[in-house]
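Computed from the coordinates by the stated procedures, all read-outs in this text should not be read as laboratory data. Treat the numbers as computed from the prediction; the structure is a model and nothing was measured. Note that each Cβ is placed from the backbone with ideal geometry, even for glycine, and that neighbours are counted across all protein chains shown.
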Amino acid sequence: MSQQQWSAVDAYFTELLAPADEALEAALRESDAAGLPPINVAPNQGKLLHLIAQIQGARRILEIGTLGGYSTIWLARALPDGGRLVTLEYDPEHADVARANLARAGLAGVTEVRTGPALDSLPKLAAEDPEPFDLVFIDADKVNNPRYVEWAVKLTRPGSVIVLDNVVRGGAVTDPSSTDPSVIGTRQALELFARHPRLSATAVQTVGTKGYDGFALARVS
Ligand code: SAH
Ligand code: DHB
Ligand code: MG
């Protein structure tokens, strides 16, 4: 099995099941033009997030790690009338690109991009005592994944869903002696998923246009 084959199958699935439209295409084009790294979710992964949000009936979504807002568009399009999405982004240039992309997608009114380190934004958000989030998508700096999981549990309710991206680390996630901060952070988050009394979780490996990776999914009780 080769990357070429994984990409060909992803292209087939995407064209059939998660075809691009003008707003999604423009989001990627403008992100690229602004020099953002192409590390957004793949289209069929974006559609998976969209479906998870719909199946969950999510009215309030929190995303940690916006980039150019590509995953944000997929998630926000799942919101019912009156729904809202908050997305946290460290880099002000990424946040500006994302705001423009979300506005172009007609989602400016239901999304809010908050700039700054997520570990600063999360306590501020919590201090506003918001209604609990129904879905949290964690996709920022992997070293802080355990902190993000802790915050996600605080900001959700029984029945909420947490999705954690990029959990395979090229297979290094199995290495308990890894010194890679992303591996360490991801292992700590998965261990929290495993032992937290309010979480029930699994993790799945994936291949596709983005190579070999995977995601973890947890339900809050
Ligand atoms: N979810 C996006 C991809 C996010 S890439 C998509 O699939 O389309 C990860 C993003 O997290 C980058 O934009 C990066 O700037 C941001 N990030 C990194 N460290 C962060 C931090 N401490 N707080 C908030 N965002 C952070
Ligand atoms: C990287 C980050 C991501 O969120 C992702 O989906 C792929 C790659 C990265 O930092 O390289
Ligand atoms: Mg990711």
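If the chain linking Arg219 and Thr179 were pulled fully straight, counting 0.36 nm for each residue of separation and taking away their Cα-Cα distance, it would gain 11.5 nm.
In terms of its C-alpha gyration tensor, the range 13-143 comes out oblate, because a/c is 1.5 or above while a/b does not outweigh b/c. If you count Lys pairs in the chain whose Cα atoms are under 26 Å apart, skipping same-chain pairs closer than 8 places in sequence, the total is 6.
Near the amide H of Ala78, within less than 5 Å, lie no amide hydrogens of residues on another chain or at least 5 residues away, with H placed in the peptide plane. Here r is the Cβ-Cβ distance between Ser200 and Val9 and R0 is 35 Å; the resulting FRET efficiency, rounded to 0.05, is 0.70.
Shown for Ile73, Ile184: other C-beta atoms within 10 Å of each C-beta, ranked fewest to most, produce the order Ile184, Ile73.
Put simply, the amide H of Arg84, placed in the peptide plane, has neighbours under 5 Å in Arg60, Ile61, leaving out anything fewer than 5 places away on its chain.
Look at the dipole of the range 63-166 built from charges on Cβ: of Ala152, His94, Phe133, the Cα furthest out on the positive end belongs to Phe133. Per-residue ellipticity at 222 nm, computed for the chain from helices alone with -39500 (n - 2.57) per DSSP H run of at least four residues, works out to -13500 deg cm²/dmol. The range 1-80 and the range 138-189 have Cα centres separated by 20 Å. Here's the picture: a label point sits 7 Å out from the Cα of Leu17 along the beta-carbon direction, and within the range 150-168 nothing has its amide nitrogen under 11 Å of it.
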